[in-house]
Amino acid sequence: MSDKNEHKDNWPLWEVFTQPKSGKPHEHAGSLHASDKEMALQNARDTYARRNEGVSIWVVESKHITASTPDDMGPFFDPANDKPYRHPQFYSVPRAVKKRS
Amino acid sequence: MSTATKELTTKEAFLKYILRLADDRLILGQRNAEWCGHGPQLEEDLALANISLDLIGHATALYEYAAEIEDEGHDEDYFAYFRDDRDFTNLQLCELPKGDFGFTIARQFLFSAFSYFQYEKLKEADDEQFSGMINKHLKEIKYHLRHSREWVLRLGDGTEESHERIQESFDELWMYLGELFYMDEVDELMIKEGIGIDSSTFKDDVKKLIDDTLIEATLNVPDWDQFMMSGSRKGIHTEHLGHLLAQMQFLRRSHPKAEWK
């Protein structure tokens, strides 16, 4: 609870991820304010899990997320445009394999 | 008031027993609902409204069952809207004005700590419909306890101001705790029937949880042997209940035949 007195006027922002079913990936549900991690978890439960949305919640303080910027779009994503062979759909499945599945 | 010349029947006792549980929850739910739109932060506003709705939901289910037991053609709305303050048997603890955020949290923690152990015992009741309801509501009570306890720790061990204010709240609330463990002929008869519980069997657990939490929150534990209020289980209330009921009941009483359609 050492972080609880850090923010006198405004609680820090947290990102919430909920897992719809076990085995599925956690998905971003939204964000909220909370004084610390335990309260963030509880607020997430009240804000994003009231309607049976999931089986697990992650919260992470928003400041800990490193995100790409719009400037990164070119170098990050464009090179993939002309490489359709990186998608599994690019390859046709041999008939023998299809039969088995 | 007439004295107990007539023997209490099992049916009457069961009805009273359920109404006491239901009234606690309806009145506290109504009080907490006053925070809706006024919470210290949006997220806490939601949390309090959520707890409030849970409590009113528990009360509704209990009133429905009470109507069934009473068997006089009443429904849950009758118990909530058409009884007067002397008919309500909720704890005085539940009807006290909401105070500041710390007061609401302190009260919720005390009530949830008691409810938790009470429901842990009640879930063994020898009545399937009743114990089923108790089991279902227990999950939400555990959450109320967790949420309010975490807040007590933060306010108690928080700033100088939050510490002082929640300490004052506990000091003020303390004299309403004696009633938590009150028992009379209704409880005795229900214990005999295998439904009721003996509050002395879990009193120490409740006290320990409260004491431990206050100590962890760096707060003083007020004296358990101090003067305690009494009377609510017989319909004796503080001056605050009438005002709460007036606000809660007036619309329904103005339109007694209105329906949600």
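Each reported figure results from applying straightforward, stated rules to the coordinates on display, with no laboratory input. A quick note: this is a predicted structure, and the numbers were derived from the prediction, not measured. Please note: Cβ atoms are built from the backbone with ideal geometry, for glycine as well, and neighbour counts cover all protein chains shown.
Under the shape rule built on the C-alpha gyration tensor, where the axes satisfy a ≥ b ≥ c, segment A:6-101 is oblate, since a/c reaches at least 1.5 while a/b does not exceed b/c. What fraction, in whole percent, of alpha-carbon pairs in the protein assembly as shown exceed 30 Å separation? Summing the P(r) tail past 30 Å for the protein assembly as shown gives 48 percent. Loop-located trypsin sites (Lys or Arg not before Pro) across segment B:1-51 with a Cβ neighbour count of 15 or fewer within 10 Å are B:Lys6, with loop assigned by DSSP.
In order along segment B:88-105, the phi-based Karplus estimate (6.51 cos²θ - 1.76 cosθ + 1.60, θ = phi - 60°) of 3J(HN,Hα) comes to 7, 10, 6, 4, 4, 3, 6, 8, 4, x, 5, x, 8, 4, x, 5, 4, 5 Hz; Gly and Pro are listed as x.
Sequentially through segment A:65-70, phi angles give Karplus couplings (6.51, -1.76, 1.60; θ = phi - 60°) of 8, 9, 10, 6, 9, x Hz, Gly and Pro residues having no value and appearing as x. How big is D for chain B, in µm² s⁻¹ as a whole number, if Stokes-Einstein is applied with the Kirkwood radius of its Cα pairs at 20 °C and 1.002 mPa s? Translational diffusion coefficient: 113 µm²/s. Exposure proxy shown here: for B:Phe181, B:Phe101, A:Phe76, B:Phe79, the number of other Cβ atoms within 10 Å sets the order, fewest to most, as A:Phe76, B:Phe181, B:Phe101, B:Phe79. On C-alpha positions alone, give me the angle between the axis of helix B:42-70 and the longest principal axis of chain B, in degrees, nearest 10. Long axis of B:42-70 versus the principal axis of chain B: about 20 degrees.
Considering only B:Thr218, B:Tyr119, B:Cys36, the residue lying farthest towards the positive end of the dipole of chain B is B:Cys36, judged by Cα position with unit charges set on Cβ. Rounded to the nearest 20, the Cβ-based charge dipole of segment B:10-253 about its Cα centre (Lys and Arg +1, Asp and Glu -1) stands at 240 debye. Between amide H atoms placed 1.01 Å from N, distances below 5 Å from A:Leu13 occur with A:Ser62, all of them 5 or more places distant or on a separate chain. Computed 3J(HN,Hα) for segment A:84-97, one whole-Hz value per residue from the Karplus formula 6.51 cos²θ - 1.76 cosθ + 1.60 where θ = phi - 60°, is x, 5, 7, 8, x, 5, 4, 9, 7, 7, x, 4, 4, 6, glycine and proline marked x. Of B:Phe130, B:Gly73, B:Leu15, which is farthest on the positive side of the dipole of chain B, counting Cα position, with +1 on Lys and Arg Cβ, -1 on Asp and Glu Cβ, and the Cα centre as origin? The listed residue farthest towards the positive side: B:Gly73. Each peptide in A:86-95, B:228-237 was scored by the mean count of other Cβ atoms within 10 Å over its residues; highest first, the order is B:228-237, A:86-95. When +1 charges are put on Lys and Arg Cβ atoms and -1 charges on Asp and Glu Cβ atoms, the dipole computed for the protein assembly as shown relative to its Cα centre reaches about 2080 debye. Centroid-to-centroid, using Cα positions, segment B:6-84 and segment A:63-86 are 55 Å apart.
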